[in-house]
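The values are calculated or read from the model by the stated rules, or taken from the named source; none is laboratory data. Every value quoted in this text rests on a predicted model; they were computed, and no experiment measured them. Glycine also receives a Cβ, built like all others from the backbone with ideal geometry; neighbour counts cover every protein chain displayed. Accessible surface areas use protein heavy atoms only, side chains included; no ligands, DNA or RNA. Shrake-Rupley method; radii C 1.70, N 1.55, O 1.52, S 1.80 Å.
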Amino acid sequence: ELLLYLADRRQHLTEVIEPAMNEGKVVISDRYHDATLAYQGFARGVEVDLIQSLAHNLDFRTPDLTLFLDLPVKIGLQRARERNSLEGQAEFGRFESEMAEFHEKVRQGYLELMNEDPQRFVRIDAGGQRQEVFERIRETLEQKGLSSK
């Protein structure tokens with residue numbers, strides 16, 4: 001699983017992120033290396049140092065900014081399952097079928113990553129309606145000078 005995600009992230013970096021950055025574009029990505037650390041490292045128990053070493057060998061970039069959309073695990077799982085149903089997928093995908101304990105480890109992993117690099121991470125309260133969360137994200141991007149309004 002780890003190697004598949006690392007290969008996917010490297011391919012995405014090479015084919016999408018780096019070309020866009022070379023054109024001077026701001027790149028927003030839904031998942032990247034922090035997700036690998038949280039899911040495969042903190043939740044699955046793969047040594048974080050091993051993951052970091054592999055990422056270093058793959059020449060992963062460190063994002064300038066990471067938005068951590070935070071909310072209680074129960075609500076996050078409910079939203080993911082509802083999204084899957086709306087998209088015509090099985091309600092319980094591979095990660096959505098994991099126990100709440102797994103997802104709590106993922107959340108704790110993100111919190112640890114945020115504590116290790118507080119200059120890069122911004123915690124966004126993901127509670128409430130979509131528009132409310134969107135406004136929190138927009139305000140954060142404006143504060144960081146990354147919004148065109």
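If you take the residues of the stretch 121-147 that are touching a residue at least 12 places away in the same chain (Cβ under 8 Å) and assigned to a loop (DSSP other than H, G, I, E, B), which of them is farthest from VAL27 (Cα to Cα)? Walk me through how you get there before you give the answer.
Pass one, the stretch 121-147, residues touching a residue at least 12 places away in the same chain (Cβ under 8 Å): 121-127, 133, 136-137, 140, 144, 146.
Next, from what is left, pick out any that are assigned to a loop (DSSP other than H, G, I, E, B): 126-127, 144, 146.
Details: ALA126: 21, GLY127: 25, LYS144: 14, LEU146: 10 Å.
Going through the qualifying residues, I end up with GLY127.
Checking the condition surrounded by 15 or more Cβ atoms within 10 Å (Cβ to Cβ), without any contact (Cβ under 8 Å) to a residue 24 or more places away in the chain and out of contact with any Asp or Glu (no Cβ under 6 Å at 6 or more places or on another chain), which residue from GLN11, GLN52, GLN78 passes? If you could, list the steps in order and put the result at the bottom.
Working: GLN11 fails: surrounded by 15 or more Cβ atoms within 10 Å (Cβ to Cβ); GLN78 fails: surrounded by 15 or more Cβ atoms within 10 Å (Cβ to Cβ).
After applying the criteria, what remains is GLN52.
Just to verify a result, which residue in the stretch 17-27, among those that are in a helix (DSSP H, G or I) and open to solvent by 70 Å² or more (accessible area, probe 1.4 Å), is nearest to ASP64 (Cα to Cα)? Steps first, answer last, please.
Of all residues in the stretch 17-27, those in a helix (DSSP H, G or I) come to 17-22.
Okay, now just the ones that are also open to solvent by 70 Å² or more (accessible area, probe 1.4 Å), so 21-22.
On the way: MET21: 12, ASN22: 15 Å.
Taking the candidates together, the pick is MET21.
Can you pull out every residue in the stretch 1-52 that is farther than 16 Å from PHE102 by Cα, of a type in the set (Lys, Arg) and over 13 Å from the mean Cα position of the chain (by Cα)?
ARG10, LYS25
For the stretch 64-75, which positions are under 22 Å from GLU135 (Cβ atoms), aliphatic (A, V, I, L, M) and open to solvent by less than 80 Å² (accessible area, probe 1.4 Å)?
Of everything in the stretch 64-75, those that are under 22 Å from GLU135 (Cβ atoms), aliphatic (A, V, I, L, M) and open to solvent by less than 80 Å² (accessible area, probe 1.4 Å) turn out to be LEU65, LEU67, LEU71, ILE75.
Does the stretch 42-53 include one or more residues that are under 24 Å from GLU139 (Cα atoms) and modelled with pLDDT of 95 or more?
Step one: list which residues in the stretch 42-53 are under 24 Å from GLU139 (Cα atoms), which gives none.
Scanning the stretch 42-53, I find no residue that is under 24 Å from GLU139 (Cα atoms) and modelled with pLDDT of 95 or more, so the answer is no.
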